[in-house]
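Working notes, beginning with the structure itself.
The values are calculated or read from the model by the stated rules, or taken from the named source; none is laboratory data. This is a predicted model, so every value here is computed, not measured. FYI the Cβ positions are ideal-geometry reconstructions off the backbone, even for glycines, and counts take in every protein chain you see. For accessibility, only protein heavy atoms count, side chains too; no ligands or nucleic acids. Shrake-Rupley method; radii C 1.70, N 1.55, O 1.52, S 1.80 Å.
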Protein chains: 2
Amino acid sequence: MTGHLDYVAVVPEREIRRRVAGFQRRLGRAGIDVALVVQNADLYYLTGTVQQSHLFVPAAGDPVLLVRKDPERAAAESPLEVESLSSMRSLPEVLPRLGLPANAAIGLELDVLPVRNYQRYQKIFPEARLVDCSAALLEERAIKSEWEFSVLEQCAQLAKASLEAAAAQIRVGITELELSAILEGAMRRLGHQGVVRFRAFNQEMLQAHVFAGPDAGRSSYMDGPLGGRGLTPAVSQGASRRPIGRGEAIVIDFPGTRDGYMVDQTRTLSIGPLPDDLQAAYDGCAQIEDLLSTVAVPGALCGEVYEAAASKAADLGYGDCFMGAPMPVRFIGHGVGIELDELPVLMRGSDRPLESGNVIALEPKVLLSGRGTVGVENTWVVGDGGLRRITAARNEVWEL
Amino acid sequence: MTGHLDYVAVVPEREIRRRVAGFQRRLGRAGIDVALVVQNADLYYLTGTVQQSHLFVPAAGDPVLLVRKDPERAAAESPLEVESLSSMRSLPEVLPRLGLPANAAIGLELDVLPVRNYQRYQKIFPEARLVDCSAALLEERAIKSEWEFSVLEQCAQLAKASLEAAAAQIRVGITELELSAILEGAMRRLGHQGVVRFRAFNQEMLQAHVFAGPDAGRSSYMDGPLGGRGLTPAVSQGASRRPIGRGEAIVIDFPGTRDGYMVDQTRTLSIGPLPDDLQAAYDGCAQIEDLLSTVAVPGALCGEVYEAAASKAADLGYGDCFMGAPMPVRFIGHGVGIELDELPVLMRGSDRPLESGNVIALEPKVLLSGRGTVGVENTWVVGDGGLRRITAARNEVWEL
């Protein structure tokens, strides 16, 4: 039945093999006998397909991908051996096939797996020791490959083209919501995959954050510097119904998302010139970005990179309005890839070193109370030669 | 700082008070001393605001809403007493204020709470007995109020208007993706809140499912009858880049979403008349819907309602292609409200009775292999006088 549907793989086989092998090494070092991976982002990373799946990755040996509903599609999209799974009760049968005892150490994604699902696995594997394999997986995911860079560059093209399409429609009086709808429609038409994956519990990312004017961009329930007012207390982020006026700082912050990956990008726009204080604040953000591009090198500690940005912001006079309000976030950037909140997190106190192959979004932002919010965000590859920018949109304030 | 931002409440105070009281009765019956609610959908239901919050609801007494980042906004949007929370370590101080001992039975939302978060609460409340309060909460949420019906009717107007706007743009050769982008943009402009809340782990709902033609609508990793091909193996649901031809069954299935609530709606459309076999299959779905509107009454068991639909489908000759392929789902509908997958679930074997005040989406769908997918979905209030339809779009096949 699937033949005529021509499902095709996107992630190359060599990528999958390399990722699985890297994850296996980390499992071995962590003393985990086998990982049982079930979350969509992790499944995509390790298999190249997202179906209702249970993926066993032993510390040594071949993975086993068990799929409900549509194993044929999974088999067309993944280089791994796919089997049909009819009942979760048959999961324990995989252990002896992998040469593992019933009391093996089984790694689960405990940072995302709900307690009730966990309790079901406790019943299914009554003798096993259930441990957390999420760190091993997220560490592996944090080092991107050349192939991943190329997909991220396609994401950057989508982000650039959709922002240009939306910017062309901005007129005095257009509401934040109308502008957001235009941008979201443009992104989707250009191939946005439709969902933005966010790993942290309760974090729901809109397709885009669009806001302008003196009160725009206040922080919300989202783990980021800016949030926005939103349309309703039920989803208090993103665009409101407020019309945009001349000379207001318009902030457009969104992930360009396709083929499972995303870049993160923010630009500040204005109908006519920005007032001097807002332009100066933007220039400050740009200076911080320039500084970061020399500081954020392999081996630099994430906390040091944050402190360099915060210290520069203070020097520029933005110490009390840097990275959001009413409660600023103490970070300056984050890993990005299949999810919007990947490792590393460039936050206060982190002694994690940056590594070559990390992909990070750096987002200096300033909120001038009663005046407006400005900022810039680009996505970068951390490399031995320094940062390389992936996001491709014009970097200055977009004066319309 | 918030005054000039004019945040306003949406959910009336009497609603919040009634919901809290109803939840408290269920907590008391379940022997749970206090619930600690943290998930966005549940927070919105019980407080009227979504911020980074910990809500204590004791089985008796006043709730305590503790908020990080923006307690002022929460206080403006919720009638509950709001306090600022600076550290999770201070959470245990609430127990004695509620007259509860350190070894109280604390209810958590174990169906959605990640294991790692749960382990943090174990450390914070080392003596407490942590139990699952999600059933009590979901049961309370399943009985909607007159005020909720009125919000759902506004959702239905959004669903109707956005479908009409998109349908007006359908031409031979438009791709599923282009049509989906137009629909999604229209929904957003009309006030779609930007996110579609889905409770089940790993279920990610696109803003809309748009697909057409002989192979459209195959089931995916989503827990529904139809899925769609999507743009990428990373998100294998919804529109593909396939152009839509004359006489193809176009299925458009999406939640109309605003102010925290949603209705679910599916329509079948066609450029020119549908071929006879697809029209007959649609007529079959319509007959099943008519049947359900007399069967789905208060007291009817959800499993019986499903069997009535399945049996009627079999009588009509669709026994082997009813509710999706390659693996049909054994259900005919689901509760809907703040999340797309609320109680009750009208599935095989369920001995749960329908109750007056339930809001359910019924969605008979047929997939004729190699020919096309058709179906209809409306959202209904279960009442003592029978079902009352909320969704407002024209119910027949939309011939364009």
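Do we have any residue at all in the stretch B:256-263 that's in a helix (DSSP H, G or I), open to solvent by 10 Å² or more (accessible area, probe 1.4 Å) and under 27 Å from B:SER145 (Cβ atoms)?
Residues of the stretch B:256-263 in a helix (DSSP H, G or I): none.
Scanning the stretch B:256-263, I find no residue that is in a helix (DSSP H, G or I), open to solvent by 10 Å² or more (accessible area, probe 1.4 Å) and under 27 Å from B:SER145 (Cβ atoms), so the answer is no.
Checking the conditions here, which among A:GLN207, A:GLN157, A:GLN122, A:GLN169 is open to solvent by 20 Å² or more (accessible area, probe 1.4 Å) and in contact (Cβ under 8 Å) with a residue 24 or more places away in the chain?
When all the criteria are applied, what remains is A:GLN157.
Among the residues of the stretch B:226-255, write down those that are under 30 Å from B:GLU146 (Cα atoms), open to solvent by less than 10 Å² (accessible area, probe 1.4 Å) and within 14 Å of chain A (Cβ to nearest Cβ).
Correct list: B:PHE254, B:PRO255.
For (1) under 30 Å from B:GLN207 (Cβ atoms); (2) away from chain A (no Cβ under 14 Å), each residue gets a yes or a no:
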position: B:LEU108; (1), (2): no, no
position: B:ASN117; (1), (2): yes, no
position: B:ASP132; (1), (2): no, no
position: B:GLU139; (1), (2): yes, yes
position: B:ALA159; (1), (2): yes, yes
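I want to confirm something. Restricting to the stretch A:33-42 and keeping residues that are out of contact with any Phe, Trp or Tyr (no Cβ under 9 Å at 6 or more places or on another chain) and open to solvent by less than 10 Å² (accessible area, probe 1.4 Å), which single residue is nearest to A:ILE338 (Cα to Cα)? Can you show your working first?
Residues of the stretch A:33-42 out of contact with any Phe, Trp or Tyr (no Cβ under 9 Å at 6 or more places or on another chain): A:33, A:41-42.
Pick out the ones that are also open to solvent by less than 10 Å² (accessible area, probe 1.4 Å) and you get A:41-42.
On the way: A:ALA41: 6, A:ASP42: 8 Å.
Checked the stretch A:33-42; the qualifying residue nearest to A:ILE338 (Cα to Cα) is A:ALA41.
What number goes with the only condition from (1) out of contact with any Asp or Glu (no Cβ under 8 Å at 6 or more places or on another chain); (2) under 22 Å from A:GLY337 (Cα atoms) that A:ARG19 does not pass?
Unmet for A:ARG19, out of (1) out of contact with any Asp or Glu (no Cβ under 8 Å at 6 or more places or on another chain); (2) under 22 Å from A:GLY337 (Cα atoms): (1).
Kindly indicate which of B:LEU343, B:LEU367, B:LEU387 is farther than 14 Å from B:VAL297 by Cβ, part of a strand (DSSP E or B) and open to solvent by 20 Å² or more (accessible area, probe 1.4 Å). Full working, then the answer.
Values: B:LEU367 fails: open to solvent by 20 Å² or more (accessible area, probe 1.4 Å); B:LEU387 fails: farther than 14 Å from B:VAL297 by Cβ.
Going through B:LEU343, B:LEU367, B:LEU387 in turn, the sole match is B:LEU343.
For the stretch B:81-119, give me each residue that is over 24 Å from B:ASP341 (Cα atoms), of a type in the set (A, V, I, L, M) and surrounded by 14 or more Cβ atoms within 10 Å (Cβ to Cβ).
Once the filter is applied, which keeps residues that are over 24 Å from B:ASP341 (Cα atoms), of a type in the set (A, V, I, L, M) and surrounded by 14 or more Cβ atoms within 10 Å (Cβ to Cβ), the stretch B:81-119 yields B:VAL82, B:LEU85, B:MET88, B:LEU91, B:VAL94, B:LEU95, B:LEU98, B:LEU100, B:ALA104, B:ALA105, B:ILE106.
For the structure I just gave you, tell me whether B:ALA286 is part of a helix (DSSP H, G or I) and either hydrophobic (A, V, I, L, M, F, W, C) or in contact with a Lys or Arg (Cβ under 9 Å, 6 or more places away or on another chain) (or both). Please lay out each step first, then the result.
Values: part of a helix (DSSP H, G or I): yes; either hydrophobic (A, V, I, L, M, F, W, C) or in contact with a Lys or Arg (Cβ under 9 Å, 6 or more places away or on another chain) (or both): yes.
So B:ALA286 passes the test.
Return only the number of the condition from (1) outside the structural domain of A:GLY194 (by TED's automatic domain parsing); (2) within 30 Å of A:ILE250 (Cα to Cα); (3) not basic (Lys, Arg) that A:ASN103 does not satisfy.
A:ASN103 satisfies all of (1) outside the structural domain of A:GLY194 (by TED's automatic domain parsing); (2) within 30 Å of A:ILE250 (Cα to Cα); (3) not basic (Lys, Arg) except (2).
If a residue must be surrounded by fewer than 24 Cβ atoms within 10 Å (Cβ to Cβ) and either at pLDDT below 95 or assigned to a helix (DSSP H, G or I) (or both), how many such residues does the stretch A:57-75 contain?
The number of residues fulfilling the criteria is 4.
Restricted to the stretch B:1-32, and to residues that are in a loop (DSSP other than H, G, I, E, B) and surrounded by 23 or more Cβ atoms within 10 Å (Cβ to Cβ), which residue is farthest from the other protein chains (Cβ to nearest Cβ)?
Narrowing the stretch B:1-32 to residues in a loop (DSSP other than H, G, I, E, B): B:1-2, B:6-12, B:31-32.
Subsequent filtering for residues that are surrounded by 23 or more Cβ atoms within 10 Å (Cβ to Cβ) retains B:11, B:32.
Numbers: B:VAL11: 8, B:ILE32: 15 Å.
That would be B:ILE32.
Look at the stretch A:172-204 and say how many of its residues are without any contact (Cβ under 8 Å) to a residue 24 or more places away in the chain and more than 23 Å from the chain's Cα centre (by Cα).
Residues meeting the conditions: 1.
What tally of residues in the stretch B:33-56 results from selecting those that are part of a helix (DSSP H, G or I) and hydroxyl-bearing (Ser, Thr, Tyr)? Spell out how you get there, then give the answer.
Here is the first cut: in the stretch B:33-56, the residues part of a helix (DSSP H, G or I) are B:40-47.
Restricting the remaining residues to those that are hydroxyl-bearing (Ser, Thr, Tyr) gives B:44-45, B:47.
Qualifying residue count, the stretch B:33-56: 3.
Considering the stretch A:293-336 alone, what residues qualify as being open to solvent by 40 Å² or more (accessible area, probe 1.4 Å) and in contact with a Lys or Arg (Cβ under 6 Å, 6 or more places away or on another chain)?
Answer for the stretch A:293-336, where residues must be open to solvent by 40 Å² or more (accessible area, probe 1.4 Å) and in contact with a Lys or Arg (Cβ under 6 Å, 6 or more places away or on another chain): A:MET327, A:ARG330.
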